[in-house]
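Structure first, then comments.
The values are calculated or read from the model by the stated rules, or taken from the named source; none is laboratory data. Everything numeric here is computed off the predicted structure, so don't read it as measured data. Cβ coordinates were reconstructed from backbone atoms using ideal geometry, including for glycine residues, and neighbour counts include every protein chain displayed.
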Amino acid sequence: MQSGAEMIDGVLSAPDVEFYKLANPELAASTTYLLKKPCSPHLAAREEEVQIEVNKIIEHYQQLSRENEFVLIEGAGGVMVPLRDDGYSMLDLMKELSAPVVIVARTGVGTINHTVLTAERLKQEGINVIGIIMNQMTIEDTKVEQDNIRMIELMTRVPVLGMIPYIENPLSAFGDSEMLEHLFSKLMEGDSNERAGKSF
């Protein structure tokens, strides 16, 4: 599900998905619901008179799981973002999908509180958090960033799998296959540990 969809070559498309395809043209990416208004999905769906059917999302995920060895699900905003007007949230969907979770968090000031609260809420709901990826959105004080990472690992007891460095032009990162392979291998390692029953 993605709000903020745009018309690309006359077709309503998800900008994030199109961006991922630039990184890997062979990527089989799809979105169950595309909503135009760039806001919380529940509001975009209401204004566009779209009925969000959770079963449709789950069936789409199950189909992708049958057709692919590995399925990566991108959440719509944070864990408490509402997907429908009745308050059904991203967290509720995550519980129904029963997939292990990787948190993507920014590196700067404020991230300790946000990331720890997110991890703790997921754990309280019985969701397996296998790792955290730090996303450097701006050029920050390295000492602050490194301490944030240290404290997040300490307080959540969840491993930081890696950090995506600040890149002024994200398109240039597509040539850095080493960084992408490192993050992917860490994700697969975490997924294998989850299947083996290891908890973090």
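Where residues in segment 8-21 are in contact with a strand residue (DSSP E or B) (Cβ under 8 Å, 6 or more places away or on another chain) and modelled with pLDDT under 80, which of them is farthest from residue 76 (Cα to Cα)?
Checking each candidate, the answer is 18.
Please specify each residue of segment 1-14 satisfying the condition of being of a type outside the set (A, V, I, L, M) and surrounded by 13 or more Cβ atoms within 10 Å (Cβ to Cβ).
Those that are of a type outside the set (A, V, I, L, M) and surrounded by 13 or more Cβ atoms within 10 Å (Cβ to Cβ): 2, 3, 4, 6, 13.
I want to confirm something. Restricting to segment 22-35 and keeping residues that are of a type outside the set (Gly, Ala, Ser) and over 16 Å from residue 77 (Cβ atoms), which single residue is surrounded by the fewest Cβ atoms within 10 Å (Cβ to Cβ)?
26
Let me spell it out: the conditions are (1) in contact with a helix residue (DSSP H, G or I) (Cβ under 8 Å, 6 or more places away or on another chain); (2) loosely packed, with under 14 Cβ neighbours inside 10 Å, and residue 58 meets all of them except one. Which number is the exception?
(2)
Quick test of your reading of the structure: residue 81 fulfils all but one of (1) touching a residue at least 40 places away in the same chain (Cβ under 8 Å); (2) surrounded by 18 or more Cβ atoms within 10 Å (Cβ to Cβ). Name the failing condition by number.
(2)
Is it the case that residue 27 is in a loop (DSSP other than H, G, I, E, B) and outside the structural domain of residue 132 (by TED's automatic domain parsing)?
The answer is yes for residue 27.
Just one of the numbered conditions (1) touching a residue at least 24 places away in the same chain (Cβ under 8 Å); (2) in the same structural domain as residue 48 (by TED's automatic domain parsing) is not true of residue 63; which one?
Exception for residue 63: condition (1).
Scan the strands (runs of 3 or more DSSP E) fully inside segment 90-167 and keep the ones with 3 or more residues being touching a strand residue (DSSP E or B) at 6+ places or on another chain (Cβ under 9 Å) and among the β-branched types (Val, Ile, Thr).
Here the list reads 101-106, 129-135.
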